[in-house]
Amino acid sequence: MLSRSCFDLLNLDPIEDFRNATRIPKLMTVPRVISEFETDDNHQNDDVPADSPVPHQRRIIVANQLPIRASRDAKTSKWSFELDHDSLVLQLRDGFKPDVEVLYVGCLKAEIDPSEQDEVASLLLHEFRCVPTFLSMDVQNKFYHGFCKHYLWPLFHYMLPMTPSHGARFDRALWQAYVSANKAFADRIIEVLNPDEDFVWIHDYHLMVLPTFLRKRYYRVKLGFFLHSPFPSSEIYRTIPVREEILRALLNCDLIGFHIFDYARHFLSCCSRMLGLHYEFKRGYMGLEYYGRTVSIKMLPVGIHMGQLQSVLSLEDTARKVKQLKEEFEGKTVILGVDDLDLFKGISLKFLAMRQLLEEHQNLRGKVVFVQITNPARSRGKDVQDVLNETSAIAKEINQRYGEPGYQPIIVINGPLTTQEKAAYYAISECCLVNAVRDGMNLVPYKYTVCRQGSPVLDRALGIDEADRPKTSVIIVSEFIGCSPSLSGAIRVNPWNIDAVSDAINLATTMPEAEKQFRHDKHYKYISSHDVAYWARSFDQDLERACREHYRRRCWGIGLGLGFRVVALGPNFRKLAVDHIAHAYKNANSRLILLDYDGTMTPQASVDKAPSSEVISVLNCLCNDPKNVVFIVSGREKDSLSKWFSLCEKLGLSAEHGYLTRWAKDSPWETCTLAMDFGWKNIVLPVMEPYTEATDGSFIEQKESALVWHHQDADPHFGSSQAKELLDHLESVLINEPVVVKRGQHIVEVKPQGVSKGIVVQNLISKMQSRGTPPDFLLCIGDDRSDEDMFKSIVHSSSNPSVPAIAEVFACTVGQKPSMAKYYLDDTVDVIKLVQGLAAASSTQPKLAQVQKSFEGFI
């Protein structure tokens, strides 16, 4: 029996526009009776007040963990829950409009017995608008502690598992648990999702394959994803055995967000190198074209919740704690570090820099204190224990060597600490040191800056006159964390350079007050204006923009498993229908068939560019039909085409984009009627040669009418960059020459003006009309930018009243992409199958049913 997924793939009918369909909400927000036949014109049920609060919009926020704290009473065994106001996914709701309902989907931090899960789920939904995802303990351990924290997390932070003792290697069982967990999240989302109106925002690397499950269920679901960790360079990322599955899953989103451009650049590089996709800018926005859909890319660092932190600073308890700490560290300069217990946070490197400082600057002994607050580790394992042991040993050694009665150079405070306690330490510290060797964002410098700004309550407790005492702060930040670019007044350091970090600490302790104030004001202005609400609002607006075209396109689902994706096409762009072309072909009396070669009749990636025996056979079969005029229209030089198609005696060839044409093997080559001066070649060749020498894998092709620089065998990024530079260079030196400089698929070509494949189409149609056999059937297939000239010429000819109309026109591009063509075929395999079907119709003139049978396998 066929599975449901098989039926989905067989069903190629486009999804209808459901915007006018009846909305049956999956999640009721008010008591209400819904009629089975209710429409927008139906009156509300009499039991429901006319002013019932029905939200206009809804956002479903999906994260690994819900913004909920759970605790269980030891006596009654009853669960109690409260919102976790420190959770980012809870704070981001401040960026939404007041009438937007927010629903949260994620796991709880506590294990709930299966017998209690329904009750807990109901409670969380009604009291906190949270939908919990329950995973078995085995799946949870393999998914989170296994694949996420011990495989993905180190790898995304540039640590490869070179040996079994140096990180966890890929484990298929852990990967399957990761996929299963993502599927469980999808099932919970689908239970409450209204795909026509809701927007889904997925967070972080724990849920990177979730978009595929949602997109497979609802082709037009509105999906956003934000990665809170770094995205590694392609050299690191492509070591992942399931690299393409993850990339394709992320590309099932409408918008993908990153903290900084570096992370986005690495993601785009992976898409280019592994999937052959290229990004482009459109009106200031960056996007990837993926099977007819535009996947938008956004770069914006997350901010902090200003209101929450300022309210903490306004508490009298906070003021008392700050006063207590100020007295404790009286006469000393406090340097502060706040980090998770994590091997990437560089805690031991900070301690080593502190030791270097005290060794080189004896006058600072007894005056500078480094306070390190360590938050509990988010995972468990040997690596966490190793970090703890190393940092403890270094701190102990420094304190023994440089400490004295009443003075410890390094004070380690093992958390967890409350937000209030951390705020107090921030407020009394002269400098904040964030020395992570790799980190996605890190909001510690932001929180530190706001706490140093203080509040009237703190100023009164410390006896400070706000008018007389300007606010100051100094931040030392690693170059390798996401917040570094936004902190333009910080002292940036290489965390691995102990000397540089030590010098930075010394600079911070001796910096003039005026400079500290300047740096602080600069940071506070940015941080206060780019808070978490600003970040969420900006992402939400871009997600809405990215989804505007959903109902203007027709959608098909293709691919199995995690390779699933949606093909989205414009209303007038469709796959070439087999039955339609077969019927038109059979009824035509004079046919013109124009075929591009590279990328159309033979794959672009093939090493041997000569046509296969299959291609030669099918072309001969088409050419033997007296009703057909068949041409290969290529950019290649005539010698190669003559050699390759020497066995096709009746095949027409148009070489070098139409500069040279012959109607059959025994016909002479004819040049276009334009008078040509090729003196420009003496200018172009010296320009191209240095680019060829500098770009390994590139070469220059010299044609009779053109010069072409090829870079398909070069490094994809470097070759593309060089091609762009060469294009600009050639355009500047050839500005007064009668030539055209064009960039194609892995080429930069210079050719005379007036030579194009579009002219070929016009000339061939005109020649057939002059012979008394005007075509009533035209098939034109191509894949490159140069082939768009043919499609454009066909469109203009069909709209020109002075040109006899062609009854049946099929302009077809290869691949789903923006095109002047009305039809498309997926690849060269589909092209060959189509042409074989036409050849079969030509050779035997079968009935329509037999013609269609020859197309079996084409769909």
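The values are calculated or read from the model by the stated rules, or taken from the named source; none is laboratory data. None of the values given here were measured: they were computed from a predicted structure. Using ideal geometry, Cβ is built from the backbone for each residue, glycine included, and neighbour counts are taken over all protein chains shown. The protein model used for the area step is the full one, side chains on, heavy atoms only, and it has no ligands, DNA or RNA in it. Shrake-Rupley method; radii C 1.70, N 1.55, O 1.52, S 1.80 Å.
What the table shows:
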| quantity | calculated |
| --- | --- |
| Residue under evaluation Thr773, criteria (1) crowded, with 21+ Cβ neighbours inside 10 Å; (2) in the same structural domain as Val629 (by the TED database), criterion not met | (1) |
| Cβ-Cβ under 9 Å pairs, at least 6 apart or on other chains, region 436-449 side without any contact (Cβ under 8 Å) to a residue 12 or more places away in the chain, far side open to solvent by 10 Å² or more (accessible area, probe 1.4 Å) | none |
| Within region 702-733, tally of residues that are touching a residue at least 60 places away in the same chain (Cβ under 8 Å), open to solvent by 30 Å² or more (accessible area, probe 1.4 Å) and in contact with a strand residue (DSSP E or B) (Cβ under 9 Å, 6 or more places away or on another chain) | 2 |
| Region 175-198 - residue that is surrounded by fewer than 16 Cβ atoms within 10 Å (Cβ to Cβ) and closer than 22 Å to Arg220 by Cα and, of those, nearest to the chain's Cα centre (by Cα) | Lys183 |
| Residue match in region 328-340 (condition: out of contact with any Lys or Arg (no Cβ under 6 Å at 6 or more places or on another chain), aromatic (Phe, Trp, Tyr) and closer than 18 Å to Ile476 by Cα) | no |
| Filter result for the condition that a residue is part of a loop (DSSP other than H, G, I, E, B), under 29 Å from Glu479 (Cα atoms) and either without any contact (Cβ under 8 Å) to a residue 60 or more places away in the chain or of a type in the set (Phe, Trp, Tyr) (or both), over Phe225, Phe267, Phe231 | Phe231 |
| Residues that are surrounded by fewer than 21 Cβ atoms within 10 Å (Cβ to Cβ) and within 37 Å of the chain's Cα centre (by Cα), drawn from region 743-757 | Arg743, Gly744, Gln745, His746, Ile747 |
| Unique residue being surrounded by 13 or more Cβ atoms within 10 Å (Cβ to Cβ), outside any helix (DSSP H, G or I) and touching a helix residue (DSSP H, G or I) at 6+ places or on another chain (Cβ under 9 Å) when the list is Ala110, Ala168 | Ala168 |
| Any hit, region 807-815, residues being modelled with pLDDT under 85, open to solvent by less than 60 Å² (accessible area, probe 1.4 Å), of a type in the set (A, V, I, L, M, F, W, C) and farther than 26 Å from Arg554 by Cα | no |
| Single condition Asn389 does not satisfy, out of (1) under 28 Å from Met159 (Cβ atoms); (2) among the polar types (S, T, N, Q); (3) open to solvent by less than 60 Å² (accessible area, probe 1.4 Å) | (3) |
| Helices (runs of 4 or more DSSP H) within region 439-546 that include 1 or more residues more than 21 Å from Gly303 (Cα to Cα) | 456-462, 498-510, 513-529, 532-546 |
| Failed item in (1) without any contact (Cβ under 8 Å) to a residue 40 or more places away in the chain; (2) of a type in the set (D, E, K, R); (3) open to solvent by 80 Å² or more (accessible area, probe 1.4 Å), with Glu513 passing the rest | (1) |
| Contacts under 6 angstrom Cβ, first residue in region 753-780 being at positive phi, partner of a type outside the set (Val, Ile, Thr), 6 or more apart | Gly754/Leu674 |
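So that you can scan it fast, the table gives a plain yes or no per residue for (1) farther than 26 Å from Val748 by Cβ; (2) surrounded by fewer than 18 Cβ atoms within 10 Å (Cβ to Cβ); (3) modelled with pLDDT under 90:
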{"residue": "Asp579", "(1), (2), (3)": "yes, yes, yes"}
{"residue": "His583", "(1), (2), (3)": "yes, yes, yes"}
{"residue": "Val607", "(1), (2), (3)": "no, yes, yes"}
{"residue": "Glu614", "(1), (2), (3)": "yes, yes, no"}
{"residue": "Ser617", "(1), (2), (3)": "yes, yes, no"}
{"residue": "Pro626", "(1), (2), (3)": "yes, yes, no"}
{"residue": "Val629", "(1), (2), (3)": "yes, no, no"}
{"residue": "Pro668", "(1), (2), (3)": "yes, yes, no"}
{"residue": "Cys672", "(1), (2), (3)": "no, no, yes"}
